[in-house]
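Participant: Got a structure for you, written out below as structure tokens; questions coming shortly.
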Amino acid sequence: MRLFLRTPLLVAGLAPLALAGAVAGPAAGASADTACTAWNGAQPVNPEPITQLDGVAVVSSCDVWAVGSSLPTSSSPPQALFEHWTGSSWTRVNSTVFAFLNDVSAASASDIWAVGSGPGTMIVHYDGTGWTQTPSPHSDDGSLLFTVDARTANDAWAGGFINEAGGQGLMLHWDGTNWTTSDLPPTVDIGGTKIFSVSADSATDAWALAQLTTGNSAFVHWDGSQWTASTVTGPHSAYLNSVTALSPTNAWAVGRFTSGLEKQTLIEHWDGTSWNVVPSPNPGGTGQDNELMDVTATSASDIWATGSYITSSTTATAFALHWDGTAWTTVTLPGSGIQSTDANHESISATAAGQAWVAGWGGLHGSGPTPFAMPVPVVPDVTGQQAGAASSTVTAAGLTGTQIQTTGCPPSAFGEVVNQNPFPGHLLTLGQAVTLTVCAALVTVPDVTGDDDASARNAITSAGLRVGTVTLTPDCTNPRGTVLSQSPDGGTKVQSGSSVSLNEATRSGRATHQIAPRFCTQ
């Protein structure tokens with residue numbers, strides 16, 4: 001479900017390479033999901049100067065696989081890269097397979113498929129203990145696979161193109177025993193056509209995306225017996241990169257279209273009858289190139305997409321979008337450095353409702369491919385930020401900020417977040433609350449001398465302060481309740497929530513301070 005540029009980026013024009021051997025892997029032994037509630041920023045192992053990740057598959061928050069390729073130099077043979085997240089760190093699985101890996105999909109913790117290209121199509125399988133190559137059609141003729149979707153142990157699809165006579169679309173199916181070729185309709189079974197993405201929600205309902213020789217995309221649908229093709233609706237320049245199927249009446253596809261000179265995000269939805277364009281954000285603005293690379297879903301109200309926007313010749317800023325059943329919104333990714341400012345976000349896979357992992361490679365315009373992977377959403381570190389900025393940061397991360405105030409802070413910390421719960425790096429689901437403890441800010445005490453009691457109280461509470469002790473002083477000049485003095489004085493800077501004491505007039509009665517009683521004569 002990724003862009004075609006990923007394979008030739010590493011080694012353009014590389015000849016088919018011999019398979020050196022099988023792939024060893026760790027036994028499945030991830031810790032309990034309850035222990036995998038935080039992300040410490042750890043990144044996949046970067047074994048070579050040129051390393052990229054092109055696919056990610058999430059089994060659970062403690063069990064994530066990412067695949068790609070690594071090379072010592074641009075002229076070296078590519079080595080298949082397998083990276084495994086077990087809840088606290090990434091481990092590289094030693095590989096002796098010379099191949100590009102473009103995608104990975106998990107039916108279960110012990111049933112995972114990865115596809116790509118070596119001498120021809122490359123398909124490897126993880127059974128819970130190790131990765132092994134599986135025989136596949138066109139494995140020695142330079143053909144490539146770009147996408148895989150593993151639905152069950154006996155139902156998986158893989159797509160790419162055959163390296164014959166200019167290339168033509170290729171679709172393979174796994175029936176639990178063998179990978180076999182599945183015939184495509186004539187409109188996509190022609191020279192130059194490539195299958196970029198495939199997704200199935202049942203044995204009788206699957207969608208794929210084909211890149212045509214015209215540069216546009218086409219939908220291809222499986223009904224349980226055959227594939228049929230249809231044109232992409234929407235803008236004439238529509239180009240779709242990824243599709244995900246949830247049911248016969250619910251599927252999504254993402255990519256881009258050209259508006260003027262700039263590319264804009266494009267999202268289309270299948271409702272059981274037709275594909276229709278759904279409004280989508282362009283985080284980089286309409287004056288920048290915005291593109292979506294991949295889409296995944298756990299339910300009709302929990303759909304994720306990832307992509308980036310280019311603001312200059314050296315900057316590509318990553319982002320994620322989320323559909324909650326009503327609208328698409330932008331979610332900030334937790335990466336830093338080239339992970340977020342010069343990156344190609346190739347793949348996204350959902351962990352559970354409201355959670356996902358994104359993988360790809362940074363150094364798109366500069367230092368060369370460097371792998372990265374990150375969960376979303378992650379609680380951001382906002383300690384030390386002003387309360388307003390901290391709330392905005394939390395909201396941008398797809399979470400909700402709730403503020404509580406504390407006093408007794410040094411003046412330098414007034415208005416700042418001094419604590420947060422959960423802690424930075426904690427994994428939450430979209431919309432969950434982060435409690436921000438804010439050092440009460442300084443406010444100006446209003447001058448209420450001469451005001452009546454009700455007006456004084458209103459001014460004090462409106463300023464974020466509270467009324468303290470009220471004393472009464474016999475006074476025959478001012479109306480009862482008039483504020484004669486206050487403490488602190490008006491204009492004084494105090495912490496929000498502090499008390500203001502009042503001294504008010506009373507026209508008769510005993511004074512509250514120790515003086516002889518005095519009565520007004522009028």
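All of the numbers you see were taken from the coordinates with simple rules; none came from a lab. None of the values given here were measured: they were computed from a predicted structure. Counting neighbours? That spans all protein chains shown, and the Cβs are built from the backbone with ideal geometry, glycine included.
Participant: Suppose R0 equals 30 Å. What FRET efficiency, 1/(1 + (r/R0)^6) with r the Cβ-Cβ distance, do ASN458 and ALA389 give to the nearest 0.05?
Facilitator: Efficiency at R0 = 30 Å is approximately 0.50.
Participant: Can you compute 3J(HN,Hα) from phi for each residue in region 135-143, using the Karplus curve 6.51 cos²θ - 1.76 cosθ + 1.60 with θ = phi - 60°, rounded to whole Hz and x for Gly and Pro?
Facilitator: Result, rounded to whole Hz: x, 8, x, 6, 8, 9, 10, x, 6.
Participant: Sticking with this one: Fully extended, how many nm does the chain gain between THR134 and ALA109 (0.36 nm per residue separation, minus their Cα-Cα distance)?
Facilitator: Working: separation 25, 0.36 × 25 = 9.00 nm, distance 1.79 nm.
Contour length minus Cα-Cα distance gives 7.2 nm.
Participant: Can I ask one more? Which three extents, in whole angstrom, do the alpha-carbon atoms of region 442-506 cover along their principal axes, largest first?
Facilitator: 37, 17, 16
Participant: Something else now. Can you give me the relative contact order of region 209-269 as a percent, contacts being Cα pairs under 8 Å and 6 or more apart?
Facilitator: Relative contact order for region 209-269 comes out at 22 percent.
Participant: Under the classification rounded if a/c is under 1.5, otherwise prolate if a/b is larger than b/c and oblate if not, where does region 190-241 fall, given a ≥ b ≥ c as square roots of the Cα gyration tensor eigenvalues?
Facilitator: prolate
Participant: Still on this model: Can you sort ILE348, ILE50 so the residue with the fewest Cβ neighbours within 10 Å comes first?
Facilitator: ILE50, ILE348
Participant: Same structure, new question: From zero outward in steps of 20 Å, how is the percent of C-alpha pairs of the chain spread across the bins?
Facilitator: For the chain, the binned pair fractions read 21, 44, 17, 12, 6, 1 percent.
Participant: With a 10 Å radius around each residue's Cβ, average the other Cβ atoms per peptide and rank 405-414, 138-147, highest first. Please list the in-between numbers first.
Facilitator: Working: 405-414: 12.2, 138-147: 21.4.
Highest-to-lowest ranking by the protection proxy: 138-147, 405-414.
Participant: Given an 8 Å cut-off on Cα distances and at least 6 residues of separation, report the relative contact order of the chain as a percent.
Facilitator: Details: 1524 pairs, mean separation 47.5, N = 522.
This gives 9 percent for the chain.
Participant: Quick one: length gained pulling THR402 to SER499 fully straight, 0.36 nm per residue minus the C-alpha distance?
Facilitator: Additional length available on full extension: 32.5 nm.
Participant: OK, next. Tell me, how many Å apart are the Cα centres for region 288-320 and for region 209-266?
Facilitator: Answer, in whole Å: 16.
Participant: Only bridges whose two residues both fall in the chain count here: according to DSSP, what percent of them are antiparallel, nearest 5?
Facilitator: Roughly 90 percent of the DSSP beta bridges within the chain come out antiparallel.
Participant: Let me ask something else about it. What percentage of all Cα-Cα pairs in region 387-439 are separated by more than 19 Å?
Facilitator: 24 percent
Participant: Let me ask you something else. Please work out the C-alpha center-to-center distance from region 373-430 to region 269-285 and express it in whole Å.
Facilitator: About 32 Å separates the Cα centre of region 373-430 from the one of region 269-285.
Participant: With contacts defined as alpha carbon pairs under 8 Å and 6 or more residues apart, what's the relative contact order of region 387-439 in percent?
Facilitator: The normalised contact order for region 387-439 reaches 49 percent.
Participant: For region 458-467, in order, what is each residue's ³J(HN,Hα) by Karplus, 6.51 cos²θ - 1.76 cosθ + 1.60 with θ = phi - 60°, in whole Hz (x at glycine and Pro)?
Facilitator: Residue by residue, region 458-467 yields 5, 5, 5, 5, 5, 7, x, 10, 10, 7 Hz.
Participant: Extent of region 109-196 along each principal axis, from alpha carbon coordinates, in Å, largest to smallest?
Facilitator: 39, 24, 19
Participant: May I ask which residue of ASN154, VAL443, THR482 lies farthest towards the positive end of the charge dipole of the chain, with charges of +1 (Lys, Arg) and -1 (Asp, Glu) on Cβ and the Cα centre as origin?
Facilitator: Checking the options against the dipole of the chain, the answer is THR482.
Participant: Mind giving me the FRET efficiency for HIS269 and CYS476? R0 is 60 Å, r the Cβ-Cβ distance, nearest 0.05 is fine.
Facilitator: 0.15
Participant: Right, next: Once the dipole of the chain is set up with Lys and Arg at +1 and Asp and Glu at -1 on Cβ about the Cα centre, which of ALA57, VAL382, VAL494 lies farthest towards its positive end?
Facilitator: So the residue we want is VAL494.
Participant: For ASN478, what charge total do you get from the other residues with a beta carbon under 14 Å from its beta carbon, if Lys and Arg give +1 and Asp and Glu give -1?
Facilitator: With Lys, Arg at +1 and Asp, Glu at -1, the neighbours total -3.
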